[in-house]
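Input: a single structure, listed below in structure tokens.
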Amino acid sequence: MKFYSRLGGALLLVALVSMMISSFAFAESKLQKVMKERGLTEKDVLAAAKTYVPTGGRDEYIVCSSGGQSGHVIFYGIPSMRILKYVAVFTPEPWQGYGFDDESKAVLAQGRIQGKDIVFGDTHHPAFSETDGDYNGRYVFINDKANPRLAVIDLHDFETKQIVANPFFRSAHGGCFVTPNTEYVMEASQYAAPYKDEFVPLNDFNDEYRGGLTYWKFNMDSGRLEPENSFTFEMPPYSQDLCDAGKGPSYGWGFTNSFCTERYVGGIEKGRPPYEAGCSSKDTDFMHVTNWKKAEELVKAGKVTKVNGAYLITMEQAIKEELMFLIPEPKSPHGVDVTPDGLHILVAGKLDSHAWVYSFEKIMKAIKDKNFEGTDPYGLPIISLDTALERSVNVGLGPLHNQFDSVDGVVYTSIYVDSQITKWNYKTGKILDTLPIHYNVGHLMTMEGDTKHPDGKYLVALNKLSIDRFNPVGPLHPQNHQLIDISGAQMELLYDMPLPLGEPHYAVAIKADKLQPTVRYKTGWNSRKDEKSPFRCRAGREKVVREGNKVDIYGTLIRSHITPETIEVYEGDTVSIHLTNLERAQDEVHGFAMYGHNVQLSIEPGKTASATFTVDKAGVYPYYCTEFCSALHLEMQGYMLVMPKGYKPQDAAIIDGEKYTKADYEAQVATNIATQDVINQVVGFITSHNYKDFPIVVSLVEDATDQLGFAEEAKTKSEVAAAEGDFQNAMLWANQWWQYQVKTADLGLRAKTHLEQNGAKKVK
Ligand code: K7E
Ligand code: CUA
């Protein structure tokens, strides 16, 4: 029955598509022909129609996915599943110049561990910044599990701005989770280790090794984490795992899972059973419940001491001040998720087939009544399972993570072992639907599904294995993100997206209209610090500053030349090339790469980026722009000449490869005059319309006006040379004048097209 109603829907769609095209019979046969040729069913076509975004169209949601071991994060659109951007975070990435320009190298350097550069990250859980429990579209945080670090990405330009390294931990899986106003970002350690940076034998595991949970203070105005105002809970050497922050009624509290509360230490080589056996022998592990609001007050009152320069709340203090409590939870749990109303906490069991629903009210009552079943070996009070539990629901083998629907009480749980998604109601305990997944789903994500107001509509299963789902590309397979329609009573699989960049763990999806990224920087901008660069440079002010053997080159980029076009330095110099992109037009990025020095910059409109390196060998080093920015992009080039020590550069004129005559000059001028006529017509069109109502056109016009100004300067130079009878230079400058005219015309035509296509009105 279900199948037939779906088929009916699909046929209706086919009919609708047909009606949109003028001839019904013609269209029907064409669509059906394609379906037949490609072996598509009606269900396939319906799924395609639900995900297809026509050319120039936009997606409704933007996803930020972790990039696993790639050290990056990935942004893509929903429902199209089109990848929009990889943002480099812990790992250098040349397209963005990340880890190549001085500005981003400074960001990566913040993430040094024990003084070493660590140029990879194992990213796990991205989190959008929130206001009152809902995404505000301003920042994304991402953690590195291998080296316990967090990074901040600013959504104003999708660039990584800051990396912080945890002062206590040696690994951290349970990050990032934000408190409802992004007061703090939670990061829990994973593998217990000594807090001090020295050798401690494993025999001292119980006494000297520690877990923990850091609440990183975030400043929404500056967009930076504040290590000096952050604090860490010392925790037993259990393997703390994922976290979630309370919201609504549970605001002020945090919840952190753990596994291996057995405190088992493996050692196969010494004849001991492995970790996997010793870490899963008990029936339950512990949820850690922390009161961050009260801890914050203690920090502010100066009652918490600093260790390693950071506030540390010892277990002793946490017990005394009643800041931390333990509750048993199903064996080797994974996800812990606070419900949108903040009243319940859901824990998925991993080695249990149940999802467990805890009541926040019951937990609070137990704390108030001091109703504890005892303490753990460190003296932390334990609330009994019976006291805190609302219900447990059999959801399938190997539940991992939960995400919420827009419908009250409805939750989706990823079932790893059974490879399925289970839809159920945590308020009634009823199973509502199940859907098989290819294969072994890890996290899952609904739209804004971890906020106070989930959007429903779509669900993405982040699968661990793709096996046979795509064209084979060798033993290392892409990951598979499967898009599922959850708008109806039954889940429907729509699309498989191969994701070939590390193993993404968690992802978060935000309404696209909450994001308003910029298209250009203020001219001369250090994008990593978000301030004017001291190395910015304006057109015509390019210069070389030498101090001893340190050479600073202040240059500019604009279609289609790099200034300077020749750089002369000496063997042994340290060279810093600072380049400012003078363009104002959207998407007019210039790159900068040079032979033999590992230099590759990405300089977006307005940005100033620098490359610093030592030239240790005399020679000739071409450089060029690496973005196909204009018709004369290949000519956007130059030479760095590294001269032997003591060599005197020659001032003799360069002999041109071509000779030009008066006739050549006059022919060029005639061309330029004709070109100017075209420009004038375009300008006439634009100014006779309400172009000021179109911000894109306004910026194109600004840019075109700049180019025309440059054309005017080149024109004057050509006329001066011609008046002196120097037709060689007169011709070359006349040609440069024309180059600027071409760029002006190109911009003008783009503006004119935009006006025509967007219904501009004639005003005079
Ligand atoms: Cu892969 Cu959240 Cu790191 Cu679960 S985590 S699957
Ligand atoms: Cu600038 Cu190519």
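Worth a mention:
- Looking only at residues in the range 642-675 that are open to solvent by 50 Å² or more (accessible area, probe 1.4 Å) and farther than 21 Å from residue 721 by Cα, the one that is modelled with the lowest pLDDT is 650.
- Selected residue (criterion: farthest from residue 172 (Cα to Cα)) from residues of the range 247-276 that are within 37 Å of the chain's Cα centre (by Cα) and of a type in the set (A, V, I, L, M, F, W, C): 253
- Against the conditions (1) basic (Lys, Arg); (2) more than 34 Å from the chain's Cα centre (by Cα); (3) closer than 30 Å to residue 431 by Cβ, residue 331 satisfies every one except (2).
- Screening residue 244 with (1) closer than 25 Å to residue 529 by Cβ; (2) under 25 Å from the mean Cα position of the chain (by Cα) gives one miss only, at (1).
Yes/no per residue for (1) under 15 Å from the mean Cα position of the chain (by Cα); (2) modelled with pLDDT of 95 or more; (3) within 16 Å of ligand 2 (Cβ to nearest atom); (4) closer than 21 Å to residue 66 by Cα:
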position: 132; (1), (2), (3), (4): no, yes, no, no
position: 136; (1), (2), (3), (4): no, yes, no, yes
position: 139; (1), (2), (3), (4): yes, yes, no, yes
position: 152; (1), (2), (3), (4): yes, yes, no, yes
position: 160; (1), (2), (3), (4): yes, yes, no, yes
position: 203; (1), (2), (3), (4): no, no, no, no
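- Among the residues of the range 406-419, those that are of a type outside the set (A, V, I, L, M) and open to solvent by 10 Å² or more (accessible area, probe 1.4 Å) comprise 406, 408, 416, 418, 419.
- Whichever residue in the range 283-297 is open to solvent by 20 Å² or more (accessible area, probe 1.4 Å) and out of contact with any strand residue (DSSP E or B) (no Cβ under 7 Å at 6 or more places or on another chain) and, among such residues, is farthest from residue 362 (Cα to Cα): 297
- Residue 632 open to solvent by 30 Å² or more (accessible area, probe 1.4 Å) and either within 16 Å of ligand 2 (Cβ to nearest atom) or touching a residue at least 24 places away in the same chain (Cβ under 8 Å) (or both): yes
- Some residue of the range 506-527 being out of contact with any helix residue (DSSP H, G or I) (no Cβ under 7 Å at 6 or more places or on another chain), free of Cβ contacts under 8 Å to residues at least 12 places away in the same chain and more than 16 Å from ligand 2 (Cβ to nearest atom): yes
- Which numbered condition residue 709 misses (of (1) small (Gly, Ala, Ser); (2) more than 25 Å from residue 557 (Cα to Cα); (3) exposed (fewer than 15 other Cβ atoms within 10 Å of the Cβ)): (2)
- For the range 129-148, a tally of residues being more than 15 Å from ligand 1 (Cβ to nearest atom) and not polar (S, T, N, Q) returns 9.
- Looking across the range 600-629, the residues that are of a type in the set (A, V, I, L, M, F, W, C) and within 15 Å of ligand 2 (Cβ to nearest atom) come down to 601, 603, 609, 625, 628, 629.
- Residue that is open to solvent by 10 Å² or more (accessible area, probe 1.4 Å) and either under 26 Å from residue 152 (Cα atoms) or touching a His at 6+ places or on another chain (Cβ under 7 Å) (or both), where the choices are 263, 224: 224
- Restricting 660, 665, 647 to those that are more than 21 Å from residue 731 (Cβ to Cβ), more than 16 Å from ligand 1 (Cβ to nearest atom) and aromatic (Phe, Trp, Tyr) reduces the list to 647.
- Residue count for the range 454-493, restricted to those that are open to solvent by 20 Å² or more (accessible area, probe 1.4 Å) and outside any loop (DSSP other than H, G, I, E, B): 5
- The residues on offer are 620, 682, and the sole one that is of a type outside the set (D, E, K, R) and open to solvent by 60 Å² or more (accessible area, probe 1.4 Å) is 620.
- Positions within the range 360-375 being acidic (Asp, Glu) and out of contact with any strand residue (DSSP E or B) (no Cβ under 6 Å at 6 or more places or on another chain), in sequence order: 361, 369
- Condition met for residue 422 (over 29 Å from residue 146 (Cβ atoms), among the polar types (S, T, N, Q), modelled with pLDDT of 95 or more and open to solvent by less than 70 Å² (accessible area, probe 1.4 Å)): yes
- Qualifying residue in the range 78-98 (condition: in contact with a helix residue (DSSP H, G or I) (Cβ under 7 Å, 6 or more places away or on another chain), crowded, with 24+ Cβ neighbours inside 10 Å and on the phi > 0 side of the Ramachandran plot): yes
- Residue list for the range 48-57, filter: assigned to a helix (DSSP H, G or I) and over 22 Å from residue 449 (Cα atoms): 48, 49
- Reported count of residues in the range 174-203, each being assigned to a strand (DSSP E or B) and open to solvent by 10 Å² or more (accessible area, probe 1.4 Å), is 4.
- Every residue from the range 716-746 that is open to solvent by less than 40 Å² (accessible area, probe 1.4 Å) and of a type in the set (Lys, Arg): 743
- Counting only strands (runs of 3 or more DSSP E) wholly contained in the range 58-128, the ones carrying 2 or more residues that are within 16 Å of ligand 1 (Cβ to nearest atom) and in contact with a Leu (Cβ under 7 Å, 6 or more places away or on another chain) occupy 72-78.
- Number of residues in the range 436-453 that are more than 15 Å from ligand 1 (Cβ to nearest atom) and crowded, with 20+ Cβ neighbours inside 10 Å: the value is 4.
- Single residue of 500, 478 found to be under 30 Å from residue 433 (Cβ atoms), more than 16 Å from ligand 2 (Cβ to nearest atom) and either in contact (Cβ under 8 Å) with a residue 12 or more places away in the chain or under 21 Å from the mean Cα position of the chain (by Cα) (or both): 478
This table checks each residue for (1) part of a strand (DSSP E or B); (2) more than 23 Å from residue 257 (Cα to Cα); (3) open to solvent by 10 Å² or more (accessible area, probe 1.4 Å); (4) not assigned by TED's automatic domain parsing to the domain that holds residue 311.
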{"site": "136", "(1), (2), (3), (4)": "yes, yes, yes, yes"}
{"site": "140", "(1), (2), (3), (4)": "yes, no, no, yes"}
{"site": "172", "(1), (2), (3), (4)": "no, no, no, no"}
{"site": "205", "(1), (2), (3), (4)": "no, no, yes, no"}
{"site": "214", "(1), (2), (3), (4)": "yes, no, no, no"}
{"site": "229", "(1), (2), (3), (4)": "yes, yes, yes, no"}
{"site": "232", "(1), (2), (3), (4)": "yes, no, no, no"}
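- Residue in the range 624-635 that is more than 16 Å from ligand 1 (Cβ to nearest atom) and either assigned by TED's automatic domain parsing to the domain that holds residue 734 or part of a strand (DSSP E or B) (or both) present: yes
The values are calculated or read from the model by the stated rules, or taken from the named source; none is laboratory data. Treat the numbers as computed from the prediction; the structure is a model and nothing was measured. Heads up, the Cβs are rebuilt from the backbone with ideal geometry, glycines too, and the neighbour counts pull from every protein chain shown. Accessible surface areas use protein heavy atoms only, side chains included; no ligands, DNA or RNA. Shrake-Rupley method; radii C 1.70, N 1.55, O 1.52, S 1.80 Å.
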